[in-house]
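The values are calculated or read from the model by the stated rules, or taken from the named source; none is laboratory data. Since the structure is predicted, the reported quantities are computational estimates derived from the model, not experimental observations. Don't worry about glycine lacking a Cβ; one is built from the backbone with ideal geometry, like all the others, and counts go over all protein chains shown.
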Amino acid sequence: MFRYVVLFLLAVTLAACAVPTPPPTAAPTSAPPAPTEINLPAPAGVTVVAENLLQPRGLTFGPDGSLYIAEAGIAPPPGQNVANSGRITKIAPDGTRSIVLDQIANTGSEFNGALGPNATAFISDTLYLATSAPDGGRGNAKSGVYRINANGTTELISDLGAFNDANKPRYIDSDYDRANPYDMVALNGKLYIADGNIQVINEVDPFAPIGQNTRRVADMSRGHPVLTGILAGNDGNLYVTEFTHGPYTEAYSENVAQIYRVTVGGQVTTIADGLTMAMGLAQAPDGTFYASQFVSDLDPQGNFLAPGSIVKLREGDSTTTTVIANLAYPTGVEWGPDGYLYFANYGVTIPWNGQQRGAVYKIKP
């Protein structure tokens, strides 16, 4: 039986090179039960793309067809604020695996899951990284967006921690005001970031002067939805889903997560719901949405009654169809250029020193 503890972790984790991760969100008012390590086999019908990953989060395809995997890394042991185990892994079209960037700064949440590299995106042939880092007094790395140069060096082009401190969301308490850039997508030469801690969508223009290149697209902080996956839709709009707020119980969380359409001008419209604790979001060429559900069912006490899953739905739907079940903490989802759906499994490792079972699979939905 899973515990809500793990969920809360992901909400914060949502979860370099001196890259940042914001401090976790507010702690529960009562001590949570000890999280339990789980071990589930790879589901039937999937093709293994990569295994032995370190808490994989966002998935992105580059212009050459390679898959880029943001790995949050291994959380530091309790009492240690900073580690440097985040990385970006590249899987070439022929299956060759390589490390693009290693030893990225990361940290841990109160439940010992890693907070670090969360998402990558390409503009032309330049790779960008969104990361949550041990800033906020725990380290020098900054939560924000980094440009990864061809020679392996990095440049912080948007300090989202500083930006969000100067432009606080309307409805978030002070305990939640640190940045946690969880997912990122490129659209029309700009980068759009869903923040899983302060519930906003920010835009970063990598070609504008640093310090003047970030703006708030939408403040979605009312109700603390815990924003997660974001994508650039087939229609040129942004789409974002939510993990939902606590308490994580059947009544509050099951089948209530939504998908929102967000225009670059900031208009927000709910276009589908019926998800449970959604993490990643992808869209097929025919408009179908695919989402990862961190867990599929809960009871009134907040215990997880079923493993996670990948589900599908379309605009206007309020129910989902299961594509694949029996997953463990699935996170990133991406539609591949080969017509397969790619998704990350074991996006969180509990406890911090548990076996790293992170993997990426693909299926023909």
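Numbers below:
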item: The stretch 190-212 - residue that is of a type in the set (A, V, I, L, M) and assigned to a strand (DSSP E or B) and, of those, farthest from Tyr146 (Cα to Cα); result: Val200
item: So Arg215, is it among the charged types (D, E, K, R) and under 20 Å from Val268 (Cβ atoms); result: yes
item: Qualifying residue in the stretch 314-326 (condition: in contact with a Leu (Cβ under 6 Å, 6 or more places away or on another chain), farther than 28 Å from Pro285 by Cβ and not charged (D, E, K, R)); result: no
item: Any chance Ala75 is in contact with a Phe, Trp or Tyr (Cβ under 7 Å, 6 or more places away or on another chain), in a loop (DSSP other than H, G, I, E, B) and either of a type outside the set (Phe, Trp, Tyr) or within 19 Å of Thr228 (Cβ to Cβ) (or both); result: yes
item: Selection within the stretch 222-276 - of a type in the set (Asp, Glu) and either more than 20 Å from the chain's Cα centre (by Cα) or part of a loop (DSSP other than H, G, I, E, B) (or both); result: Asp235, Glu250, Glu254
item: Any pair with Cβ under 6 angstrom, 6 or more apart, that starts in the stretch 73-91 at a residue that is on the phi > 0 side of the Ramachandran plot and ends at one that is assigned to a loop (DSSP other than H, G, I, E, B); result: Gly73/Leu54; Gly73/Gly116
item: Residue in the stretch 43-61 that is nearest to Thr322 (Cα to Cα), counting only those that are modelled with pLDDT of 95 or more and surrounded by fewer than 17 Cβ atoms within 10 Å (Cβ to Cβ); result: Thr47
item: Answer residue from the stretch 169-206, given it is more than 15 Å from Ser143 (Cα to Cα) and among the charged types (D, E, K, R) and is surrounded by the most Cβ atoms within 10 Å (Cβ to Cβ) among those; result: Lys190
item: Scope the stretch 310-327; condition over 17 Å from Thr228 (Cβ atoms) and in a loop (DSSP other than H, G, I, E, B); matching residues; result: Arg314, Glu315, Gly316, Asp317, Ser318, Thr319
item: Only one of Tyr290, Tyr361 that is crowded, with 21+ Cβ neighbours inside 10 Å and under 15 Å from the mean Cα position of the chain (by Cα); result: Tyr290
item: Flag if Val348 is out of contact with any Pro (no Cβ under 8 Å at 6 or more places or on another chain), in a loop (DSSP other than H, G, I, E, B) and buried (at least 24 other Cβ atoms within 10 Å of the Cβ); result: yes
item: Candidate set: the stretch 77-96, residues that are at pLDDT 95 or above and of a type in the set (A, V, I, L, M, F, W, C); chosen: the one surrounded by the most Cβ atoms within 10 Å (Cβ to Cβ); result: Ile88
item: Residue in the stretch 61-68 that is of a type in the set (A, V, I, L, M), under 24 Å from Tyr192 (Cβ atoms), in contact with a strand residue (DSSP E or B) (Cβ under 9 Å, 6 or more places away or on another chain) and outside any loop (DSSP other than H, G, I, E, B) present; result: yes
